[in-house]
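Asker: I'd like to ask you about the structure that follows.
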Amino acid sequence: MYLTILGINHRTAPVEVRGQVAFPPDQLPRALGEITGLDTVREAAILSTCNRTELYCSSQSDTLEAVTDWLCAYHGLGKDTLQPHLYSFEGAAAVRHMLRVAAGLDSMILGEPQILGQMKHCFQEACRAGALDTLVSRLFQHTFSVAKQIRTDTAIGASPVSVAFAAVSLARQIFGRLDEQTTLLIGAGETIELAARHLNEHGIGKMIIANRTPERAQQLAVQFNGYGVSLDQIPAHLAEADIIISSTGSPDFILDKDMVRAALRGRKHRPVFMVDIAVPGDIDPKVAGLDDVYHYTVDDLQQVIEENLQSRREAAEQAEDIIEIQTGHFMAWIKSLDAVPAIRAYRDHASAIGDAELEKARQLLAGGEDPHQVMESLARNIINKLAHDPCVNLRAAVDQGKTSLLETVRTLFSLKDRNQG
């Protein structure tokens, strides 16, 4: 049985190329149907995110070339164009890669947890499409179990390593619970959206988003039960804000010292936490000199992020050790599958002998034969027929000098020599 992974990711291709081989959700059923329809592919799953597209396949023979050709044809791309950006893994290397992806060790942000949820969705889609069988299905289950073990046994995801996450983590350190706090987010780009998501996950009490285009602010805010305002409306809401996170492209300060001082008077000097993520800055640095203001810049957060990244790197080393062990366990299970047909054939052979001899015994009993003699004959015949071929073949092997087979038989049947008791 062959296990193959073919993929493209943020390390091997720019976003323009990655976009050309992405699979929109509504295309997955068709794509899975096509790939499992290939003569060489037995089962398949497709993972498609903004940073990677990977195909997980099993087959009875080498299927890498066929899958590569299918991927190029499906997206209408020349093989010469796509091939330089592709990578592939087979066997143990494929298992190891899949475990590393699920643990966040192959992500753009080391240890990020979103990829595991994306892999679970990939598995569910493949199941719904009827594209999975024993091998890849079992690999997904093993992958989820190992990823959970790594999350539990290491600190791979314990420390924030994005600017937005670091900002929200600092807010939680200052305020503890966030359910009674109001946040003012200035801007509506990717960083602010991520900050809004993290704040919402931690139960922020109230969210206001201010942007140069108020429609965009409102569009983002409604996703988190907040409301949007224009930048001109900030002074009217500034005194409400316990947490302010700003990230715009403005060349001028959005918040100056006088504006913040006026808001503090309205807050009756309740503390306010301010994070300026913008470059150049959105908040006048002089604000840091005001009482009751906790002011942080992107440089302050970068120091926190670097410390946390180092913590994740150390955890990643532990995770790699776990993955190496668990790859070995899965490969041992794959090898055990080779014994299944032989075990099944031996059981069928033994059952056929037993059934045939039992039918003879029933006929003898029905004819009035002595039950005691019939039972003895039944046992003797079964033993002789089960032992005949192995004994003949064993003698022939020894005559041919294949004495290693003797030890194999002793191990197989847990035998001891008579002189060993």
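Read-outs: derived from the displayed coordinates by stated rules, not from any lab. Fair warning: this is a prediction, and the values are worked out from it, not measured in the lab. Because the Cβ atoms are built from the backbone with ideal geometry, glycine has one as well, and the counts that use them run over all protein chains shown.
Asker: Given a 10 angstrom Cα cut-off, can you work out which residue in Asn384, Asn225, Asn211 is the most mobile in a GNM of the chain?
Answerer: Highest fluctuation of the listed residues: Asn384.
Asker: Moving to a separate point now. When the Karplus curve 6.51 cos²θ - 1.76 cosθ + 1.60 is applied with θ = phi - 60°, which whole-Hz ³J(HN,Hα) does each residue of the range 43-57 get, with x for Gly and Pro?
Answerer: So the Karplus estimates, Gly and Pro as x, are 8, 7, 9, 10, 9, 9, 10, 5, 9, 7, 10, 9, 10, 10, 10 Hz.
Asker: Here is a follow-up. Once the Cα atoms of helix 134-153 and of the chain are each reduced to a long axis, what angle between those two axes, in degrees from 0 to 90 to the nearest 10, is obtained?
Answerer: It works out to around 50 degrees.
Asker: How big is the chain on each of its three principal axes, counting only the C-alpha atoms and giving the largest first in Å?
Answerer: 111, 54, 46
Asker: Quick one: of the DSSP bridges fully inside the chain, what percent are antiparallel, nearest 5?
Answerer: Rounded to the nearest five, the antiparallel share is 45 percent.
Asker: Note the angle between two axes, namely the Cα long axis of helix 257-266 and the longest principal axis of the Cα atoms of the chain, as a number of degrees from 0 to 90, rounded to the nearest 10.
Answerer: 80
Asker: Here's something else I'd like to know. Cα axis of helix 163-175 to longest principal axis of the chain: angle in degrees, 0 to 90, nearest 10?
Answerer: The answer is roughly 70 degrees.
Asker: State the number of lysine pairs found in the chain whose Cα atoms come within less than 17 Å, restricting to pairs 8 or more positions apart or on distinct chains.
Answerer: 4
Asker: Please give the FRET efficiency for Ile174 paired with Asp321, using the beta carbon to beta carbon distance and R0 = 41 Å, rounded to the nearest 0.05.
Answerer: The pair Ile174/Asp321 has a calculated efficiency of 0.65.
Asker: Let me ask you something else. Using just the helices of the chain, give the 222 nm mean residue ellipticity in deg cm²/dmol: DSSP H runs with n ≥ 4 each add -39,500 (n - 2.57), and the total is spread over all residues, rounded to 500.
Answerer: Roughly -17500 deg cm²/dmol at 222 nm, from the helical runs in the chain.
Asker: Spelling out what I want: for every residue of the range 97-103, take phi, set θ = phi - 60°, compute 6.51 cos²θ - 1.76 cosθ + 1.60 (Karplus), and round to whole Hz; glycine and proline get x.
Answerer: Running phi through 6.51 cos²θ - 1.76 cosθ + 1.60 with θ = phi - 60° gives 4, 5, 5, 5, 4, 5, 7 Hz.
Asker: Determine, from the Cβ-Cβ distance of Asp355 and Gln114 and an R0 of 45 Å, the FRET efficiency 1/(1 + (r/R0)^6), rounded to the nearest 0.05.
Answerer: About 0.20, to the nearest 0.05.
Asker: Say R0 is 30 Å: what FRET efficiency, to the nearest 0.05, do Leu406 and Asn384 get from their beta-carbon distance?
Answerer: 0.90
Asker: Across the range 1-149, what fraction of all alpha-carbon pairs, as a whole percent, falls in each successive 5 Å bin from zero upward?
Answerer: Percent of pairs per bin, in order: 2, 10, 21, 25, 23, 14, 5, 0, 0.
Asker: So what J values fall out for the range 343-355 if you push phi through Karplus, 6.51 cos²θ - 1.76 cosθ + 1.60 with θ = phi - 60°, rounded to Hz, Gly and Pro as x?
Answerer: Those phi angles translate into 5, 5, 5, 5, 5, 4, 4, 5, 5, 5, 4, x, 5 Hz.
Asker: Label point 7 Å out from Glu307 along Cα-to-Cβ: which residues of the range 141-178 have amide N under 18 Å?
Answerer: 155-176
Asker: Using DSSP to call loops (not H, G, I, E or B), can you name the trypsin sites (Lys or Arg not before Pro) in the range 155-220 whose Cβ has at most 15 other Cβ atoms within 10 angstrom?
Answerer: For trypsin sites (Lys or Arg not before Pro) across the range 155-220 that sit outside H, G, I, E and B with at most 15 neighbouring Cβ atoms in 10 Å, the list reads Arg177.
Asker: As an exercise, identify the trypsin sites (Lys or Arg not before Pro) in the range 1-67 lying in DSSP coil whose Cβ has no more than 13 other Cβ atoms within 10 Å.
Answerer: Filter output for the range 1-67: Arg11.
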